[in-house]
Structures are given as structure tokens and as C-alpha cells.
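Just below is one structure, and these are the notes that go with it.
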Amino acid sequence: MMQTHALYDQITNEVHARPFQKVQAPLYLVHMAISLSSEQMDDAHQAVLQLASELGIGEQAKDDSFFFLSSEKFALRFERHNEFYSLTLYHFGADSEDIFPQRWKPLLCDGRLPGKMLAGVEIIFRKRREDPLAWCRKYFGQRNFAAEEFGDRQLAASEVMSGGATVWTDFAACEESGLVRVLVEDRSLQPFQAGRLLQRICEIETYRHVALLALPAAHAAMPLITTLDKQLADITHRMTADNKEQPSEVLQELMTLAAQVEELSADTANRFSASEAYFALLDTRLTELRQERIEGLQTITQFMERRLEPARRTCHAAGRRIEQLSKRIARVSELIRSQVDLSIEQQNRDLLEALNGRARRQLRLQAKLESFTIIVVTYYAFDLIERTIRNTVPGEELLNDVLMGVSFSVPLIAGVLWLYVRQLLKGYDEDD
């Protein structure tokens, strides 16, 4: 019988874990991304539940990673991430005059929420009116909205969701709330469309801030990368130069340099990787807005590309330079190791040649002593034959005749011994 996988429910419910909310204009929304370590997330969860209780939303959230609590007037959305959590507060039916209600400001700014704010945005969501420019001037000041140049705090606006709404913002923190203000005019959005639009705007503001956390690290790493790069170039030049420096000394210096690069990579790799991921999410959210340009104004995507692209390229370049530097060090290390291996092989060959030369000299000395060996052996052989004959041959005359005959065999004995010794040394002579 087929059984259900243990993770089936978790996998199935994942696509429904963070749904968009159904909202309608008029609405006032505050969204914040708050940096916090993973060990303190439980404290944040409890603090947000306490905040919901003070707003009159007393339900108990079952999931500690995401929940949405709402009442007739207020709603609260909590979402937990790896290095931060996001908190979104909804004020249903709020007019544009109810910007950052005095009731909310003490709740959000009195320090009861743990962590440090990374990003914050307030969204004023209203129905379509006949005076959009006057509405924008009310909250962004008297500006030349048709200005073509990229000036300080220039307004960005787009028709989004296939013309279903218009978004206006300058991406600057306003003095009243300290949050980035966004005006959204509803033209023909359905409740779920409105929820998706507002959530995407919140995520755009969150991801652009979190992605830029890598920029200070990139600025700090660039001079150090340049210094390490110069050190590597100096080591490479010394390898090619005609000097008496031992490869082992250069290799030790290169290992120290490699340790510094790996330390730098360990300190920045996670931040740069996270930045790439958040920039990718930012691009996705901007695409999902389906923007159309308003004549005389830059779109939100154009604003992001103009202002964020240099920072994105800086972070990417820093990460790429560290990676390339590590690879170059690996290649140079391999070259030096090859030099060390060749040097060791040369030393081993010289040592073997020295041993062979010593063996050859010993053989030459032995060959020179060959004649003395033959004389000594011949002497002892003749003495042995003579003693044997004296003890076995009777008679003085016969003994003298026999000894006289044997004396003529001395050259023969010497010759046989010489041939035998030469036969023993024949192989060694060939090696010589």
C-alpha cells in the first residue's frame, strides 16, 4: 500500500505559506525590515504578539515564522527571514491625513521591538482622484515633476499592474516619520491585486536595503584586494627573475598570502552571496510591477538602475576579484611546487650519480688489486700443492722431480685465476 511521504504536507503548504492579503483603498501601511540574529527571533516573535495585543488584535499566532493578524481597523503581518524579520502594519480606511498615526509611533519607536531597523516604508493607498500631481506635491513638496535631469531626491513614478494603479515616490526618508514615503493611486485594482502590489513595494524597499549591506564590505575589501594583488604580482616577477632565492622560501610566502586571501573570502563571501540573491529578488519584484512610463518622469526601475547599479557592480567586482585572486594564487603555487619537485628530482639524480661514481671507484680499485689477489691466491695454491706432494710422494729423487714439474704449473694456475676473476668482474666492467 502506497504511503504518504513524511514531508508531503510541508512541501504542499510551502506555496501557501506567505499569501498576499486582500486590501482595498483607502489604506495606510507601515512596513519595516529589522535586523536581528537568529537567536533573538523568538524574542521578536513575542514582542510582535504583544504589539498586536495593544492594537486590539488578540489572536494567538500558531506559526512563529509567519503570521497575519487582523481586526476591523488594524492588521499586522510578521515574516521571519534568516538575518532580519519584517513587520507590516495596516490601518484600514485611513485617509491620507492619517499619516503615521500618533498611536503607532510610540509603539514602533519606544524600543520594545528588538533589533535594528534596516528599511522602512510608509504607503498611502487611496482611490483615484482628479488631482494626482497636487496630491503628490502635498507630500513631496513643490517640485518640477517634469524635470529630465537626475537631481537630488527627484520623484520617480510609474503606471503599474497594466495601468491598474500609479506609484509615486522619491525613495527618501521623510522628516515626519523617518520612513520612505510611497503614494499609490488605485485605478482598477482587485483586492488581491492591491495586496500583491503593496507587498511588492514593501519587498522592493526591503531588498534594496538588505542588498546594499555588502557595499561597505566591498569598499573596505577593495584596497586590501589591491594590496594582495600587488604582492602576488611581486612574487610572480621574482619567480621569473634570475635570483638565488629558494623556491621553498617563495612558496612559504605565497602560502601566507593565500591564508590572507582565504580569510578575506571567509569574511565577505556570505555577505556578497546574499547581496547577489537580494539584488536578483529586487529585479524580480521590479519586473512583476509591469511598469509603464509616465511622460516626464523616470520609472521606478530606471531610478533603481541609475542609483543601485554602481553599488551592485562594486559588490560583484569585489567578490569576483577575491575569487580570481584565489585562483591565481593556486596557479602560482602549482608552478612553485613544480619547481620544487624538479629541484628535488635534480638533487636525487645528483645523489644517485654520486653513489654510482663511488661504486665505480671502488670497482676500479678492486680491479687494480686484481693482480695482487692472483699472486696471493697462486702462492697459496702452489704452497698447498707442494705440501700435498711432499706428504704423498716417497723418495727424495722422485719428490724433487715432481716438485720441479709442478713449479712449471705456476703460470697455469695464475692464468686460470686471472680468467676466473675477470669473469666475475665482467658485468661490472660493462656498467662502467
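Computed values, structure above
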{"read-out": "Accessible-area value, Asp283, 1.4 Å probe, nucleic acids and ligands omitted, Å²", "value": "60"}
{"read-out": "Amide H within-cut-off set for Phe84, under 5 Å, with H built and near neighbours excluded", "value": "Leu36"}
{"read-out": "Calculated FRET efficiency for the pair Thr284/Glu83, C-beta based, R₀ 30 Å, to 0.05", "value": "0.95"}
{"read-out": "Length added when fully stretched, Arg129-Gln346, from 0.36 nm per residue minus Cα-Cα", "value": "69.3 nm"}
{"read-out": "Theoretical gain in end-to-end length, Ser338 to Ala277 [0.36 nm per residue, Cα-Cα removed]", "value": "18.0 nm"}
{"read-out": "Solvent-accessible area, 1.4 Å probe, carbon plus sulfur percent, for segment 1-46", "value": "52"}
{"read-out": "FRET efficiency estimate (nearest 0.05) - Cβ-Cβ, Glu305 to Ser38, R0 45 angstrom", "value": "0.85"}
{"read-out": "Label-point separation in nm, Thr373 to Ile389, each point 7 Å along Cα→Cβ", "value": "2.8"}
{"read-out": "Shape call, segment 167-301: gyration tensor on alpha carbons, a/c limit 1.5", "value": "prolate"}
{"read-out": "³J(HN,Hα), Karplus 6.51/-1.76/1.60, whole Hz, each residue of segment 76-93, x for Gly, Pro", "value": "9, 10, 10, 9, 9, 10, 5, 10, 7, 10, 10, 10, 10, 10, 10, 10, 6, x"}
{"read-out": "Sequence-distant residues sharing a close amide H with Ala173 (under 5 Å, placed H)", "value": "none"}
{"read-out": "Long-range amide H partners of Arg128 with built H, under 5 Å", "value": "Asp186"}
{"read-out": "FRET efficiency for Leu224 and Thr4, using Cβ-Cβ distance with R0 set to 45 Å, rounded to 0.05", "value": "0.25"}
{"read-out": "Cα-projected label distance for Asn356 with Phe192, points at 7 Å along beta-carbon direction, nm", "value": "8.6"}
{"read-out": "Net +/- balance of residues flanking Arg320 in space, Cβ distance below 15 Å, scoring K and R +1, D and E -1", "value": "+3"}
{"read-out": "Solvent-accessible area of Tyr380 with every protein chain in place, 1.4 Å probe, in Å² to the nearest 10", "value": "140"}
{"read-out": "For segment 298-306, Karplus couplings with θ = phi - 60° (6.51, -1.76, 1.60), whole Hz, Gly/Pro x", "value": "7, 6, 5, 5, 4, 4, 5, 5, 5"}
{"read-out": "Net lengthening on full extension, Arg238/Ala269 (0.36 nm per residue, minus Cα-Cα)", "value": "8.1 nm"}
{"read-out": "Solvent-accessible area per residue, Å², over segment 225-276 with all protein chains present [probe radius 1.4 Å]", "value": "61"}
{"read-out": "Fraction of accessible area attributable to carbon and sulfur, segment 257-385 (%, probe 1.4 Å)", "value": "56"}
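The values are calculated or read from the model by the stated rules, or taken from the named source; none is laboratory data. It should be emphasised that the depicted structure is a prediction, and the values quoted were computed from it without experimental measurement. With ideal geometry, Cβ positions are generated from the backbone for all residues, glycine too; neighbour counts draw on all protein chains shown. What goes into the accessible areas is simple: the full protein's heavy atoms, side chains included, and nothing from ligands, DNA or RNA. Shrake-Rupley method; radii C 1.70, N 1.55, O 1.52, S 1.80 Å.
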